[in-house]
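Here is the structure we will look at, set down as structure tokens.
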Amino acid sequence: MKFYISAAGIKKVTISSPGGAIGKGCGAARRFPGRKLLLLLLMLAILLPFIFVRFAFLVLESASVCDSPLDCMRVRLFRGGDTSLLLQMERKVQSAKHHELVYWHLASHGVPKCLHCLSLRLTEEYSVNAMARTRLPPPESVSRLTDPSFHHVVILTDNVLAASVVISSTVQNAVNPDKFVFHIVTDKKTYTPMHAWFAINSASSPVVEVKGLHQYDWPQEVNVRVKEMLEIHRMIWRRHYQNLKDSDYSFVEGTHEQSLQALNPSCLALLNHLRIYIPKLFPDLDKIVLLDDDVVVQRDLSSLWETDLNGKVVGAVVDSWCGSNCCPGRKYKDYFNFSHPLISSNLLQDDCAWLSGMNVFDLKAWRQTNITEAYSTWLRLSVSSGLQLWQPGALPPTLLAFKGLTQSLDPSWHVAGLGSRSVKPPEEILKSAAVLHFSGPAKPWLEISNPQLNKLKRRLVLIRFKKVNRNIVPIIMLRLMIMRRRQTGLINHSPLYHTRSLLFRVQSRPLFNLQKINSLVVIRVRYLVATMK
């Protein structure tokens, strides 16, 4: 085949056979107009650079988005649509959700300003106000602390207002409040404000004992074991944190919240780990109910002391409100590493872990077992196994130590997980539950709490400040007034005796009746506490 191009101008192109002749079967010569060919060449000259640039862009983008650039590029080229933008947007959305969850958990670690300021003010009251230093409980009620005929409630906490909510909600819903005796165990830092709070508010409270850890006289052997326990838990926490840091906080699907919650500083708090030593904290008691400081009581708890544990040590809720063997986020596989033979040979990964936060303990039966020794043994096994047996926290080794010694309670006694995003029980379940447990990052005193529980949250705020009687509110208002006058120069100096006399006058006058307090006064008190510096 030959091409003939006229020299006079490109007007036509003639294509003929190699012999130059035109046979019968070939017909007339095929001719293409020169303008069409020029247009085709021009279009190719324009499109080819764009195709080359697009191809290079796909190769570079595939290297950063897909595991295999060739496969990813093949999908984009032959399946049609701009998949690269979709993948990029999906990746950005997942990253945003991940960062939001991390920031949400970081916000749960903070202490609200009002709680911090209140502790400081109560510490000051302890030093200047004799009423805040009165003995707890009063001498006439000391005999109740070891009387087995009373209902003994134990709270291990360093949060003043949270402990007040637990006690006030328990008393308000009790059929016979005088039968309750509350034992608060706190650390040395919080002992002073905790004692001042319940000393000032002792008139309307049942028997309350506030005791600091520094007031216990333990044998040297127990002190050594406690230090060893805390050190092992710190090692487990550091390893978990380092693993998450090395993986850039990337989680397996469905384990985001559990992994971040394991990094909560409360996992290293001494008060959380001392539950395993409750028989030594209360050697004269036989049966107690242990309540966390993030619970709210809605029903009378008296029948818990009459519950038959069938020779077991602890009574706890195992199955959740959603049915038998239904415990989302609470299965053993959520706490333990079942790839290790020590765990797989002792536990079943689909079994439910019992709930902590509202438990009945038979201390008499506990003292006849070796639960505390088994707890220490499992901690040593964790160290010898490379700290790979469970996630950080006090619950996993506790579950192992109490294996076979747990009596299941009715699920209506305890609804937990209200501080988490994954648990959303129906409203009728919340109303009928005896104890609401805000386990998880979103505590009711934080602004990141569940928006669906706002009504309950407002009710909790009222419960807290109803606990404030006529003494503490005038004191706080007086302190604020003196502070404002000092700032404006109206008071150059304030002698200590003058301040004490003012306090005496204010305390002796019943300014408010907080049994009939309204929301306006509550908002005012919250503002005064929050604005103190």
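Name the single residue, out of those in region 331-351 being part of a loop (DSSP other than H, G, I, E, B) and without any contact (Cβ under 8 Å) to a residue 40 or more places away in the chain, that is most open to solvent (accessible area, probe 1.4 Å).
Result: Leu348.
On the given criteria, is Ser385 open to solvent by 60 Å² or more (accessible area, probe 1.4 Å) and either in contact with a helix residue (DSSP H, G or I) (Cβ under 8 Å, 6 or more places away or on another chain) or under 26 Å from Glu228 (Cβ atoms) (or both)?
Numbers: open to solvent by 60 Å² or more (accessible area, probe 1.4 Å): no; either in contact with a helix residue (DSSP H, G or I) (Cβ under 8 Å, 6 or more places away or on another chain) or under 26 Å from Glu228 (Cβ atoms) (or both): yes.
The answer is no for Ser385.
Yes/no per residue for (1) out of contact with any Ser or Thr (no Cβ under 7 Å at 6 or more places or on another chain); (2) at pLDDT below 75; (3) assigned to a helix (DSSP H, G or I); (4) not aliphatic (A, V, I, L, M):
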residue	(1), (2), (3), (4)
Ser64	yes, yes, yes, yes
Asp67	yes, yes, no, yes
Arg74	yes, yes, yes, yes
Gly80	yes, yes, no, yes
Leu86	yes, yes, yes, no
Arg91	yes, no, yes, yes
His98	yes, yes, yes, yes
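Of the residues in region 126-141, how many are open to solvent by 30 Å² or more (accessible area, probe 1.4 Å) and part of a helix (DSSP H, G or I)?
8
What are the residues in region 413-446 that are open to solvent by 40 Å² or more (accessible area, probe 1.4 Å) and not in a loop (DSSP other than H, G, I, E, B), if any?
Glu427, Glu428, Ile429, Lys431, Ser432
For Thr123, all conditions in the list (1) closer than 30 Å to Arg299 by Cα; (2) polar (S, T, N, Q); (3) in a helix (DSSP H, G or I) hold save one; what is the number of the exception?
Just one mismatch for Thr123, condition (1).
Any residue in region 40-52 that's assigned to a helix (DSSP H, G or I): show its pairings with residues that are polar (S, T, N, Q) and open to solvent by less than 90 Å² (accessible area, probe 1.4 Å) at Cβ separation under 9 Å, as long as the two are six or more apart or on different chains.
That search, which allows pairs on different chains as well, returns nothing.
Taking the condition open to solvent by 30 Å² or more (accessible area, probe 1.4 Å), small (Gly, Ala, Ser) and without any contact (Cβ under 8 Å) to a residue 60 or more places away in the chain, does Ser356 pass?
No, not satisfied.
In region 206-229, what residues are touching a residue at least 60 places away in the same chain (Cβ under 8 Å) and either over 27 Å from Asp178 (Cα atoms) or not hydrophobic (A, V, I, L, M, F, W, C) (or both)?
Within region 206-229, Glu209, Tyr216, Trp218, Arg225, Glu228, Met229 meet the criteria.
Yes or no, residue by residue, for (1) more than 26 Å from Leu263 (Cα to Cα); (2) touching a strand residue (DSSP E or B) at 6+ places or on another chain (Cβ under 9 Å):
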| position | (1), (2) |
| --- | --- |
| Asn359 | no, yes |
| Ala374 | no, no |
| Gly393 | no, no |
| Thr398 | no, no |
| Phe402 | no, yes |
| Leu405 | yes, yes |
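Mind checking which residues of region 142-168 are out of contact with any helix residue (DSSP H, G or I) (no Cβ under 9 Å at 6 or more places or on another chain), assigned to a helix (DSSP H, G or I) and in contact (Cβ under 8 Å) with a residue 60 or more places away in the chain?
Listed by number, the residues that qualify are Arg144, Leu145, Thr146, Val166.
Is it fair to say Ser149 is closer than 27 Å to Leu436 by Cβ, modelled with pLDDT under 95 and of a type in the set (Gly, Ala, Ser)?
no
From the set of residues in region 277-320 that are hydroxyl-bearing (Ser, Thr, Tyr) and touching a helix residue (DSSP H, G or I) at 6+ places or on another chain (Cβ under 9 Å), which is modelled with the lowest pLDDT?
Ranking the qualifying residues of region 277-320, first place goes to Ser320.
The values are calculated or read from the model by the stated rules, or taken from the named source; none is laboratory data. These figures come from a predicted structure and were not determined experimentally. When we count neighbours, we look across all protein chains shown, and the Cβ atoms used for this are built from the backbone with ideal geometry, even at glycine. Quick note on the areas: whole protein, heavy atoms, side chains included, nothing else; ligands and nucleic acids left out. Shrake-Rupley method; radii C 1.70, N 1.55, O 1.52, S 1.80 Å.
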